[in-house]
1. In segment 115-144, which residues are open to solvent by 50 Å² or more (accessible area, probe 1.4 Å) and within 18 Å of Gln488 (Cα to Cα)?
2. Given Phe347, Phe281, Phe317, which one is out of contact with any helix residue (DSSP H, G or I) (no Cβ under 8 Å at 6 or more places or on another chain) and within 30 Å of Tyr464 (Cα to Cα)?
3. Search segment 457-484 for residues being part of a loop (DSSP other than H, G, I, E, B) and under 20 Å from the mean Cα position of the chain (by Cα), and hand back the single one that is surrounded by the fewest Cβ atoms within 10 Å (Cβ to Cβ).
4. Within the set of pairs 6+ apart or on separate chains, which have a first residue in segment 89-110 that is of a type in the set (Phe, Trp, Tyr), a second that is in a loop (DSSP other than H, G, I, E, B) and modelled with pLDDT under 95, and C-beta atoms under 9 Å apart?
5. Quick one: is Gly230 within 20 Å of Ser103 (Cβ to Cβ), open to solvent by 30 Å² or more (accessible area, probe 1.4 Å), touching a residue at least 40 places away in the same chain (Cβ under 8 Å) and not hydroxyl-bearing (Ser, Thr, Tyr)?
6. Pick out the one residue from Thr163, Thr170, Thr147 that is among the β-branched types (Val, Ile, Thr) and either more than 19 Å from Val231 (Cα to Cα) or open to solvent by less than 10 Å² (accessible area, probe 1.4 Å) (or both).
7. If I ask for residues that are of a type in the set (Ser, Thr, Tyr) and farther than 27 Å from Asp204 by Cα, which ones from segment 437-492 would you list?
8. Mind telling me which of the residues Tyr246, Tyr237 ends up being touching a helix residue (DSSP H, G or I) at 6+ places or on another chain (Cβ under 7 Å), surrounded by 21 or more Cβ atoms within 10 Å (Cβ to Cβ) and within 24 Å of Thr384 (Cα to Cα)?
Amino acid sequence: MLSPGRAPPVPAGSQADISKNYRPISGQLQTIQEEEMSVKTPNELRDLVRGEVIVEGDAEYESARSVHNGMIDKRPAVVVRVMNAGDVMTTVNYARDNGHKLSVRGGGHSGPGFGTNDDGVVIDLSKMRGVRVDPNGKTARAEGGATWGDFNAATSAFGLATTGGIISTTGIAGLTLGGGIGYLTRGHGLSLDNLVSADVVTADGKMLVASANENVDLFWAIRGGGGNFGVCTSLEYKLQPVKTVYWGPMFYEVSEAANILRFYRDYIKDAPEEMGAFPAFQIAPPLPFIPENRHGDMFAAIVACWSGDPADGARQFKAFHDVAEVKAEMVGPVPYPVINGAFDGLFPPGIRQYWKGNFVKELTDDAIAAHVQHGPNAPNASSTMHLYPINGACHRVASDATAFGHRDANFSMVILAASSDPADDAANTKWVREYSAAVAPHSEVGGYVNFMDDDDGTRVRANYGSNFDRLVKIKRQFDPDNVFRVNQNIAP
């Protein structure tokens, strides 16, 4: 059946057919059809991609425009739920050729809401979540929309894992491209230290393989440079034997906070690298292991994960019990994927969030005093401060080996306020900013890019430190027009 308004086809091979479809340029044949591939409208885009092309008015639009942070209320012109790398290439070309702002969404956990925008194009990778494990080679290749929950479920079946985050719904790509800090960091490095290769769709709409042997500058840049250099449609990781870990949170009276932080500072410096542990301030949620009369009380806390022999876990946790009386705890051997979903209930989709973070070389007594002053004022159970250790294996990677800056830091601190009630936004933001300002004099100028919010754009150079100038050069090489600019942007 002919499309309305289209002439009947000319018999293939006729003179009319040849003159219609080809013209000689510089001694070569170029098809007019290639020129016509420049896509101008969402309807034309629908004809070329396998995934859904969603615009305002479509039934799926409201869900398609949303990201994890409920404070973000933006209305893109087009959301493409891509199904494959070809869809990504076509959508990148569409956005670039038409001058549209372009956002890339994996898990959608970006605090500033970089996975959406106003009036632009969104590449939504959420339909690309496959994970293939090679148990003999101890590697796994995952599509760019996979979450850590997807990844851990696939790899744990083989008794394997790599460094991931602490919320299962976080996307693997966003976490890895910014760094990747989690329970296994001290023993196995950052997520990006375990990245073997990636398929990357660059600003020109081409797909490149980035690895230690191919496109090495691009491989260097994506390991810490965030989404500035393209869309990762798949990522390959090396894996480590990790199946069951000894894990759990331990709650102490908040009056012990200074003591806990001083203990932690000294302990984690020389702790076995199988130990991943971080201190926190935490309002007790209504969980069965916490006495009911203490629900809603503020506590100092340590969340610890022993990834060595689980049978040795109780002995390894003894130091946490000796430092002060534990008022409530839930510790013991658990499958590794379980711990990555343990806090999902405190951080559900749509919760309203505001973040700040810094790298820390030394947790000084003055810094501890600032934490003790501000941390206990966290407004609710979803608001907290975590101080993640990034020593051990992280320090064995040279500062210029990847784009991740500040390899000499010992901690990555995050202050997060989150609530489901818009009426809490002003007070939550105020708490984070005041807390951050108080600890800033005792921290590095730069921080972990995945902990930056939308008002941290002026910190980009500091966040990358001595690696920033090389990142700019590589940005000019792969994205000179800054197509990928909805991020903590490295301007070319």
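1. Asp118
2. Values: Phe281 fails: out of contact with any helix residue (DSSP H, G or I) (no Cβ under 8 Å at 6 or more places or on another chain); Phe317 fails: within 30 Å of Tyr464 (Cα to Cα).
None of the other options fit; the residue is Phe347.
3. Here is the first cut: in segment 457-484, the residues part of a loop (DSSP other than H, G, I, E, B) are 479-484.
Next, from what is left, pick out any that are under 20 Å from the mean Cα position of the chain (by Cα): 483-484.
On the way: Val483: 22, Phe484: 25.
Of everything passing the filter in segment 457-484, Val483 is surrounded by the fewest Cβ atoms within 10 Å (Cβ to Cβ).
4. What qualifies is Tyr94/Ser38; Tyr94/Val39; Tyr94/Lys40.
5. Answer is no for this residue.
6. Working: Thr170 fails: either more than 19 Å from Val231 (Cα to Cα) or open to solvent by less than 10 Å² (accessible area, probe 1.4 Å) (or both); Thr147 fails: either more than 19 Å from Val231 (Cα to Cα) or open to solvent by less than 10 Å² (accessible area, probe 1.4 Å) (or both).
The conditions single out Thr163.
7. Here is the first cut: in segment 437-492, the ones of a type in the set (Ser, Thr, Tyr) are 443, 448, 458, 464, 466.
Ser443, Tyr448, Thr458, Ser466, listed by residue number.
8. Working: Tyr237 fails: within 24 Å of Thr384 (Cα to Cα).
Within the list Tyr246, Tyr237, the selection yields Tyr246.
The values are calculated or read from the model by the stated rules, or taken from the named source; none is laboratory data. Computed from a predicted model, the values in this text were never measured in an experiment. Note: ideal-geometry Cβ built from the backbone for every residue, glycine included; neighbour counts use all protein chains shown. Remember, those area values only see protein heavy atoms, side chains included, never the ligands or the DNA or RNA. Shrake-Rupley method; radii C 1.70, N 1.55, O 1.52, S 1.80 Å.
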